[in-house]
Every structure is written in C-alpha cells, then in structure tokens.
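These notes are about the structure you will find just below.
The values are calculated or read from the model by the stated rules, or taken from the named source; none is laboratory data. These numbers were taken from a predicted model, which means no experiment stands behind them. Cβ sites come from the backbone with ideal geometry, for glycine too, and all protein chains shown count toward neighbours. Only protein heavy atoms, including side chains, enter the accessible area calculation; ligands, DNA and RNA are left aside. Shrake-Rupley method; radii C 1.70, N 1.55, O 1.52, S 1.80 Å.
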Amino acid sequence: MSGGRRVGLDRCSPRWPTAASPVVAVIGDPVAHSLSPRLHQAAFDAWGLDWVSVGFLVPSGQAAAAVAGVRALGLRGVSVTMPHKAAAAAAVDVLTPVARRLRAVNCIIRRHDQLVGDSTDGEGFVQALASQAGFDPAGRVCAVVGAGGAARAVVLALAEAGARRVLVVNRTRRRAEQAAALAGPAGEAAGPAAVADAELVVNATPLGMASTGRQPAGSQPADQLPVAADRLGSGQVVADLVYQPAITPLLAAAGQAGAITVGGLGMLVHQAALALTSWTGQPAPLDAMWAAATS
Ligand code: NAP
C-alpha cells in the first residue's frame, strides 16, 4: 500500500500501519498531555489514510536536533509545542510570512526537500471565533490579555482579520508593547481597565489552566482570573485559549455576566486542521476532530 493514498479499508485494518505508512508527530516538553496525535489520527481515520501520528518528548535545547531528525526520518509533518516554537523557527529551511513575523513555528511541513515552518495558531483562533461565536474581528475592538507566544499569534491574526484596535494587556508592559507592535497602527499596549471597552476579550495567559505539568513553578492557582469579573459584560465575546478545563473560571464569570464565551478547544482543533491540510492537501474533517477532542 502506498502512503497517503485514499484506500477505503476499515480504520481497524490489521494491515495498518505498515513500514510505508507516513508518519507525523508532535514535539514538546512535556508532550504526554498533548491532544495533537488524537486529533491527527481522527482525521487520518476519517480520511481512510494509513498515516500515523505520534508524540516525541524533546527536551528544551534539543529542537534543532529534533528538526534534523525530522529530515533524516522523512516525517511528513510536525506539530511544535512548548518550549520549541522559537527554536524550531530557527531550524527549518523556510518560514511562511506569518511565522517569519512571529519568529515562531507551531507546524512544520515537508515540501519536496525543504522543511517549511508555519504558524497556524492565530488563523486557527480566528476560525474558532467564527465557527463557535459567529464573531468577525473586522472593525472590532479586541483586548488580548497576555503577551507570550500564543498572544502574539492572536494579536497578529486579529489585525490581519481587520480588527480596528488590538489592545494588549500584560503584567510585563514591555512585552505588551512588543506584542501590540505586531498589529501595526491598530495595536496598543493598555492597562487592565481597557478590557471593559473591548468587544472581544481573549485570555492568552495560563491563568485558569488545570494542573497538567505545563505551569511554570510558582504559578498562580487555577482559579485566578486573568481579568476582573466586573470588567466583563453582555455585548462581549470572551475567549479563553486555555482548554483544560473546558469551562475555565474566566468563562464561567463571563457567562454569568452575560457574555458569549468561546473555549480554547476550538483554536486547538482549527490550528490542527490547518496543519493537516498543509500536510495532506485535503480539507480537514472537523466533525471527526471535534469528536476526538471531546471524547
Ligand atoms: P507564554 O509564552 O509562556 O506566555 C504566557 C503569558 O502569560 C505571558 O504574557 C505572561 O506574562 C502571562 N502570565 C503568565 N503567568 C501569569 C500570571 N500569573 N499573571 C499574569 N500574567 C501571567 O505562554 P503561551 O505559549 O503564550 O501560552 C499561553 C496560554 O495559551 C497557555 O495556557 C497555553 O496552554 C494556551 N495555548 C492554547 C492554545 C490552543 O490551541 N487553545 C495554543 C497555544 C497556547 P509575562 O509576559 O509578564 O511573563
């Protein structure tokens, strides 16, 4: 059986995988919690492809070696998670325009003999907003809380989707300014009070995340809100990039205040769908991926 061909066999075929089965992977540290292999595999099964997705625990500082391994082993694609997004950007052959601006990669695509680094987080987030809340950032005032890798991807994507203002609120002001600069004239570093005026509020900090081993030592308790509850209200869409738990303390508070809420799982599913499409050339089976993400 040649790799990547549509085959119409039952997904449980004992003939799969074979030595010819194409392999994709997620690299990160930690990686055991990652839903990526499950999402990828759900798509391969729905497509009837004999592709396989696995996770590799790659310690900090080893991203370049891992990317060399991707070349040597002929992996078809790689999802890149913490802490390797910046190092992977430096290790691939080519960057897409978005990855070049972010200097970060969450997805590696094999194109002929080259490894292309892309960032699908921001576009995945905007797609999730559209599909889960019918929200279009064009002409809107958006506030992003946090200024790390995920926040930067979201800030750039909101600006590219036509947001009128992208306010970045972060405990380290300098990083807020750097992230806001990605949005060009629409971007602005702001204080926490600015959230009350935003039509879209995005939590891009780890506050509210259940313990998965991803929080840095000494991080805040999972019930701490990234935004004061009295700054949330009806007329707002409140999105959390945290997806574990599905209903974070922020989303619970926002729902109580009458806001429309969007959990982080949608971004995870949509960024993976964009990666899968780049790897295979096929539109991703979102329903199957959602089912896998929530099962
Ligand atoms: P990161 O690069 O480490 O950035 C974290 C940001 O949160 C920084 O701006 C940091 O502020 C801020 N922060 C951290 N702890 C804080 C605290 N106790 N109080 C206030 N601010 C705090 O992390 P990241 O990669 O951007 O990820 C951020 C979150 O998004 C994580 O929960 C991650 O799981 C989630 N995420 C979700 C998806 C998805 O698909 N749903 C994708 C990517 C990331 P300073 O700048 O002051 O340090």
- line: Placing each pseudo-label 7 Å from Cα in the direction of the beta carbon, ALA229 and ASP136 end up separated by a distance in nanometres of 3.5 nm
- prompt: Just the accessible area per residue of the chain, please: how many Å² with a 1.4 Å probe?
  reply: 44 Å²
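Calculate the FRET efficiency for HIS33 and ILE247 from the Cβ-Cβ distance with a Förster distance of 22 Å, rounded to the nearest 0.05.
Working: r = 18 Å, r/R0 = 0.84.
That gives a FRET efficiency of 0.75.
Need one number: convex hull volume per residue for the chain, Cα atoms only, in Å³.
Details: hull volume 37.2 nm³, N = 295.
Spread over its residues, the Cα hull of the chain gives 126 Å³ apiece.
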- request: Pull up the DSSP beta bridges for the chain and report the antiparallel fraction as a percent, rounded to 5.
  value: 20 percent
message: Nearest 500 deg cm²/dmol is fine: what mean residue ellipticity at 222 nm does the chain get from its DSSP H runs of n ≥ 4 alone, each adding -39,500 (n - 2.57), divided by its residue count?
response: -10500 deg cm²/dmol
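If the convex hull of the alpha-carbon atoms of region 90-210 is projected onto planes in all directions, what is the mean projected area in square nanometres?
Hull-based average projected area comes out at 8.4 nm².
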3J(HN,Hα) from dihedral phi, region 150-167, Karplus parametrisation 6.51/-1.76/1.60, rounded to Hz, x for glycine, proline: 5, 4, 4, 5, 5, 4, 4, 5, 5, 5, 5, 7, x, 4, 6, 9, 10, 8
task: Please turn the phi angles of region 229-244 into ³J(HN,Hα) values with the Karplus equation 6.51 cos²θ - 1.76 cosθ + 1.60 (θ = phi - 60°), one per residue in order, whole Hz, x for glycine and proline.
output: 4, 6, 9, 10, x, 5, x, 9, 9, 10, 10, 10, 6, 5, 10, 9
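Compute the Cα gyration tensor for region 8-119, then decide on rounded, prolate or oblate, letting a ≥ b ≥ c be the square roots of its eigenvalues: rounded whenever a/c is under 1.5, prolate when a/b is larger than b/c in the other cases, and oblate in all that remain.
Values: a/c = 1.99, a/b = 1.72, b/c = 1.16.
In terms of gyration-tensor shape, prolate.
Roughly to the nearest percent, how much of the accessible area of the chain is carbon and sulfur, given a 1.4 Å probe? Please list the in-between numbers first.
Numbers: 6920 of 12950 Å².
About 53 percent, which is the carbon plus sulfur part of the accessible surface.
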